[in-house]
2 protein chains.
Amino acid sequence: MARTTVAEAGQHAYRRLREGITSGQFHPNERLVEASVANRLSVGRTAVRAALVRLDQEGLVTLEPNRGARVRLISDREALEIEEVRATLEAMLARRAAERATPADLRELRRMVVEMRQRVEEEDAFGYSALNAPFHQRIWAAADHPTTSRLVGSLKSQSIRLQYQTILRPGRTERSLREHEAIFEALKAHDPDAAEAAMREHLAEVLATLRWAIEGQHGTPRWLPG
Amino acid sequence: MARTTVAEAGQHAYRRLREGITSGQFHPNERLVEASVANRLSVGRTAVRAALVRLDQEGLVTLEPNRGARVRLISDREALEIEEVRATLEAMLARRAAERATPADLRELRRMVVEMRQRVEEEDAFGYSALNAPFHQRIWAAADHPTTSRLVGSLKSQSIRLQYQTILRPGRTERSLREHEAIFEALKAHDPDAAEAAMREHLAEVLATLRWAIEGQHGTPRWLPG
DNA sequence: ATCCTCAATAATGTCGACAATTCGGTGTTG
DNA sequence: CAACACCGAATTGTCGACATTATTGAGGAT
């Protein structure tokens, strides 16, 4: 029989809401009225409540006493801070990954890099960007450091909003590809210093692009999702 | 009368429970039955439930569907991982702190170092250890990087269990004091590289001490709840 | 004795009702 | 006309009741 695990509606609500927020379905600063969300997701208010508490702790929504929840708006400053932390931690993970990447890890990473190159040659910036996350995640897996992986994953979901805009920068994909290739080479050579340096450089570029995107949006006072 | 904001019992329960866990009042792996906790803290079950969800997200308790909550037992491996992350992030904070420490920051840090030295001279290891956290926190404040500070603070609360045992290592306090002094000197000189290096070295020592403590407790195969 | 079945119990998951609070508007008063 | 107290709708906070699920222990069959 269809074992749909009816129990734990809370988990369900949490995932749906989280997905809704990170995918931009709910806008930053949008109010999340418990009742509305509840019947939108076809779950009870209790479940929504639990989900909101979780998301508050996670930093994706803010929860004010007696005043409800809203999607947390990450300030520009905070977005940069998050990216800085992410860079620091991912550099550490890259170092570890270089020390212990298995042949299987390297095979998979090579496959990804090849696919990325194809996307760049086809000038498919969006397709390229979609391969970005899996590539990084595979490195986290190779680093075998669950605590940090969890942390970095959580950070990433908080700063999604600006992630999209970084795709648009002209010439960014080519450069990004070269950086990814450098990281891969360092991992393949099992050279921790090189891997850490390459990852640090890559994320410094991302950070710079982020600054560029933030500058840009100040000129263009519209940044709502299309 | 004396309306102490009766609303928000959830916050209250959260703080009490958190305090109880980090202070060791509740032991690792101990089951947290909602009803018991509720009337122990004189709050409703709803509030306890919310608190547990928060603490689960925070990593201080584990929450299994239909099977309740228990105080999370941090494995040795995980404790080391946490300490590693903390080291990485605090090194970054020290770097930033060196760049932007104000005279007030430095005055305060000097005061703390002086007091630490006194404690060491009095051979008051426990008193010395109590000054440890404020010293680090002051550096975080100087770094002016709230995102990271929050993160590091959260990590620290997860690994409290082993923190105490590190005090016991012979000769540790003297060495720790010298490390702290080195960090202070680097901050005072506004030398980011030196500050980062000093902090990194300090926390590498802490990590080593942690490993030592973990080895030690393997000799004593008693860790079951009493 | 060991394993299995199955009721009894304890604890969690969910819901609906109601109290408490916030917020926007409305009418009153100076 | 502005400031202000106040009412009402909307929303959140809390509680108790009940359904659902795990766990325990006794009894029976092999």
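The values are calculated or read from the model by the stated rules, or taken from the named source; none is laboratory data. Note that the structure is predicted; figures quoted are calculated from it, not measured. Glycine also receives a Cβ, built like all others from the backbone with ideal geometry; neighbour counts cover every protein chain displayed. Surface areas here come from the heavy atoms of the whole protein model, side chains and all, with no ligands, DNA or RNA. Shrake-Rupley method; radii C 1.70, N 1.55, O 1.52, S 1.80 Å.
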Task: Residue match in region A:87-97 (condition: away from DNA strand D (no atom under 15 Å from the Cβ) and of a type in the set (Ser, Thr, Tyr)) - done: yes
TODO: Please work out if A:Arg45 is away from DNA strand C (no atom under 15 Å from the Cβ) and within 14 Å of another protein chain (Cβ to nearest Cβ).
DONE: no
Task: Wholly enclosed helices (runs of 4 or more DSSP H) of region A:52-148 bearing at least 2 residues touching a Ser or Thr at 6+ places or on another chain (Cβ under 6 Å) - done: A:76-100, A:125-143
Task: Boolean, A:Val61 is more than 21 Å from A:Phe184 (Cα to Cα), within 11 Å of chain B (Cβ to nearest Cβ) and under 17 Å from the mean Cα position of the chain (by Cα) - done: no
Task: So B:Ala51, is it facing chain A (nearest Cβ under 10 Å) and crowded, with 21+ Cβ neighbours inside 10 Å - done: yes
Task: Among residues of region B:63-119, those that are of a type outside the set (Val, Ile, Thr) and within 16 Å of DNA strand C (Cβ to nearest atom), counted - done: 9
Open item on the list: Can you tell me which residue is most open to solvent (accessible area, probe 1.4 Å) among those in region B:11-26 that are charged (D, E, K, R) and without any contact (Cβ under 8 Å) to a residue 60 or more places away in the chain?
Closed with: B:Arg15
- [ ] Would you mind stating whether B:Arg16 is under 22 Å from A:Arg49 (Cα atoms), near DNA strand D (Cβ under 10 Å from one of its atoms) and more than 9 Å from chain A (Cβ to nearest Cβ)?
- [x] no
- [ ] Would you mind finding the one in A:Ser36, A:Ser42 that is surrounded by fewer than 22 Cβ atoms within 10 Å (Cβ to Cβ), in a helix (DSSP H, G or I) and over 26 Å from the mean Cα position of the chain (by Cα)?
- [x] A:Ser36
Task: Hey, B:Glu64 of a type in the set (Asp, Glu) and near DNA strand D (Cβ under 9 Å from one of its atoms) or not - done: yes
Task: Matching residues, region A:29-55, being within 8 Å of DNA strand D (Cβ to nearest atom) and basic (Lys, Arg) - done: A:Arg31, A:Arg45, A:Arg49
- [ ] Please verify whether region B:163-171 includes one or more residues that are free of Cβ contacts under 8 Å to residues at least 40 places away in the same chain, polar (S, T, N, Q) and open to solvent by less than 60 Å² (accessible area, probe 1.4 Å).
- [x] yes
- [ ] State the number of residues belonging to region A:54-78 that are buried (at least 21 other Cβ atoms within 10 Å of the Cβ), within 16 Å of A:Ser159 (Cβ to Cβ) and in contact with a helix residue (DSSP H, G or I) (Cβ under 6 Å, 6 or more places away or on another chain).
- [x] 3
